[in-house]
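In what follows, a structure is listed as structure tokens, so that the remarks can point back to it.
Just so it is clear, none of the values below were taken in a lab; they were calculated from the coordinates. In this text the structure is predicted, and so the values were computed from the model without any measurement. Neighbour counts are summed over all protein chains in view; Cβ atoms, including those assigned to glycine, are modelled from backbone coordinates with ideal geometry.
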Amino acid sequence: MNNLKTVLLIMGCFVTVNVASQESSLSGPDSTVSLPEVVINAYQIQTRQHQVPGAISLLSGEEIRTTDGNNFAHTLHAIPGIYMHSGTYATGRIVIRGVGSRTPYNTNRIKSYLNDIPITSSDGISTPEDIDLMGIGRMEVIKGPASALYGSGLGGNINLYTPEGENNYSEALVQYGSFQTIKAAAAGNYHREKLQVGGNLSHLQTEGHRENSRLKRTSLLSSGSWQQPRYTVKYTLMVIDLHAQIPSSVGKTLYENDPAAAASNWKAIEGYKEYQRAIAGVTLTNRFLETWNNKLTLFGRWADSYERRPFNNLDDGTSGGGLRNRMTYHATHWDALIGFEWINDTYRWQMDIDSEPINRNREHRNHYSLFGMLYWRPATAWNISLGGAVNRVHYRLADQFPENGDQSGKRNFPDLFSPRLGLNYAPSQNLALYASAGHGFSMPSPEETLLPEGNINETLQPEQGMQYEAGIRLHLFNNATRLEASFYRIDLNNLLVTKRITEDIFTGINAGKTRHTGVEFMLQQRVFSYPSFPGTLSLNANYTYARNRFIDFEDDGNVYNGNHLPGVPSGVGRATIQWQPVQPLQVSTQLQQVGPQYIDDANTVENDGYFLTDLKITYLFSTPRFGTFKLFAGLNNLANIRYSSMLTVNAVAFGNAEPRYYYPGMPRHYFTGVNWLF
């Protein structure tokens, strides 16, 4: 019923706004506003989105800043096919097309890049939500297997890009909200002749809406370029310092009666995690012939982390780097690229109980990927792509704690070949049809690779899958309306399941097969635009219906064939309505419907669906001497709905305690601030 309501809501909006846009188009040439042309880069060949042979979603910097700027999930949900569990600002799990839903407390089936630099850690964990949204100029998301270009990322890829501009500007932001949430940020861009340098420095702190949920995060993100006639040099630097308390998940009783409470064991020790991360890279783009370009990126990565936990304490870190090189050839009817990516990281971790060490390990990881792609345009309307990649992964574990025996060892996974085929047929500027098929894989994390006694699991295999998708893109009413619909199916084999042995010990098993099918719908509509009241009105809406099932899955003697995968809503709908009645004033409303989802493999526990409403009002005014000021205020969860913003799938009950499935979502909360551009 909730899914039906959401579909009817979006269909009603579509009918209404199209009637309005057709009526307004009769009143004068300025009454409709065409949507801007979208150019993407995530498939490694810069081209119009209308001609891409596959599904890809893009968010501009303006769309990214629509929300309060603190919650990455609010931004990602503007894209169909993606759902992000968000327990706190520092605890989340991104699920793309149902892939990655059973990971306990993080995202490890998705690969993330920042300006072509891989920011996914050596243990497969992606935390793009650590980056302040003010520092992101564009976001491109490839959904499903895309290993022909990006290596290990079975669920897809999130590609982030810093802002680029030729204007000189400075920007400052101060924001305050509920739960003593304070954010201060400064950004700027300097451009002179062939040199461009920009950056963003931000600090966010909050007491949190639950016990033991204080957070402090400071981040620096800077990028720049130096252009010459035959080559360009770019740099990227990211530094993050975070300290976040952990309230953890709670059982049903606390969730329903005291959602602000933290889990008792985490509260008792004031559990927390803190880490510092740094990523730096330099990219040299060289045009050595009229038709040939080469792009070489060298990067280094470092992280140091500590987590205080009720059962033990974890001290871990990563150091390493690598390179990514891509050579492209452009001709009238075809483009070709060939590339290579190498990542070498050393991951070390140790645990202790009451300052007594219980293990100490160091793992060296090498990831190699050789990839290529050919784009052939036999006619103006056609774009056919064929590509593939060969991937090799090698682990070497050194046990540095001999007191419990030597578990040292190495693991060479077999070479993996990932092909991809796609085609796009665009007979006009108003219509495009596309279809693709591609292979992907995800490697097990260190926790999944190790057996409970600490030895390397020699039999554990990478999770692999094939995706088949087809879709349509429509540009209607003089490009005032953009519609896209896609259907997909993903078949996964050697499903990697993170199995919880005790409260602090996890291991991985290959547990069979799953099938993910779904339909995604996206609408972007510019309804009208007048120089005076009623001003301009626009609508961005999306809806995803998903059906994710176990095909062949048995665990501890229980057969779950045919059951729904837990941790994935059956349907997710989102609509953003922006109205600018007069030039200085803008009102933005976001409506989101999340369908019910199962929490366990047996499908015996189900989390209810929920509907959220957010509101933001912005007022802009300029002064001749002091620049432009943007005053804003917002109210999230307007109806004060109780909901769980993150679920711990297959939570285990220890002793007489309830299984701790639920991370209570934020109640009604406000934010207000000023953004100064000068």
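Quick one: net charge around L483, please, counting Lys, Arg +1 and Asp, Glu -1 for every other residue with C-beta under 14 Å from its C-beta. Neighbourhood net charge equals +1. Using the Karplus relation 6.51 cos²θ - 1.76 cosθ + 1.60 with θ = phi - 60°, the per-residue 3J(HN,Hα) values for region 286-297 come to 10, 9, 8, 9, 4, 10, 10, 9, 10, 10, 10, 10 Hz, with x marking Gly and Pro. The dipole here belongs to region 590-635: it is taken about the Cα centre, uses +1 on the Cβ of Lys and Arg and -1 on the Cβ of Asp and Glu, and is about 760 debye. Using every pair of distinct Cα positions in the chain, the Kirkwood expression returns a hydrodynamic radius of 26.1 angstrom. Of all lysines in the structure, those lying under 26 Å Cα to Cα from K273, and not within fewer than 8 positions of it along the same chain, are K111, K183, K216, K252, K499.
What FRET efficiency comes out for the pair N430/V652, r = Cβ-Cβ distance, R0 = 60 Å, nearest 0.05? Numbers along the way, then the final one.
On the way: r = 54 Å, r/R0 = 0.89.
For R0 = 60 Å, the calculated efficiency reads 0.65.
Across q = 0.11, 0.27 Å⁻¹, region 147-224 modelled as identical point scatterers on its alpha-carbon atoms has Debye log10 I(q)/I(0) values of -0.50, -1.14, in the order of the q list.
Expected output is a single nm value to one decimal: the length gained when fully extending between L638 and L289, i.e. 0.36 nm times separation in residues minus the C-alpha distance. What is it?
On the way: separation 349, 0.36 × 349 = 125.64 nm, distance 5.74 nm.
Difference between extended and current length: 119.9 nm.
Divide, for region 287-425, the radius of gyration over alpha carbons by 2.2 N^0.38 Å, where N is the residue count. Show your work: numbers first, answer last.
Values: Rg = 22.0 Å, N = 139, 2.2 N^0.38 = 14.3 Å.
Output field value: 1.54.
Remark: region 474-491, residue by residue, has Karplus-estimated 3J(HN,Hα) of 10, 10, 10, 6, 6, 6, 7, 10, 10, 10, 9, 9, 9, 10, 9, 9, 10, 10 Hz, where x stands for each Gly or Pro and the curve is 6.51 cos²θ - 1.76 cosθ + 1.60 at θ = phi - 60°.
Which is farthest toward the positive dipole end of region 194-316 among P259, F288, S225, measuring Cα position about the Cα centre, with Cβ charges +1 (Lys, Arg) and -1 (Asp, Glu)? Checked the options; the winner is F288. The H on the amide N of V605, modeled in the peptide plane, is under 5 Å from the matching H of I599, D600, each at least 5 residues off or on a different chain. Around the Cα centre of the chain, unit charges on the Cβ atoms of Lys, Arg, Asp and Glu (plus for the first two, minus for the last two) sum to a dipole of about 1700 debye.
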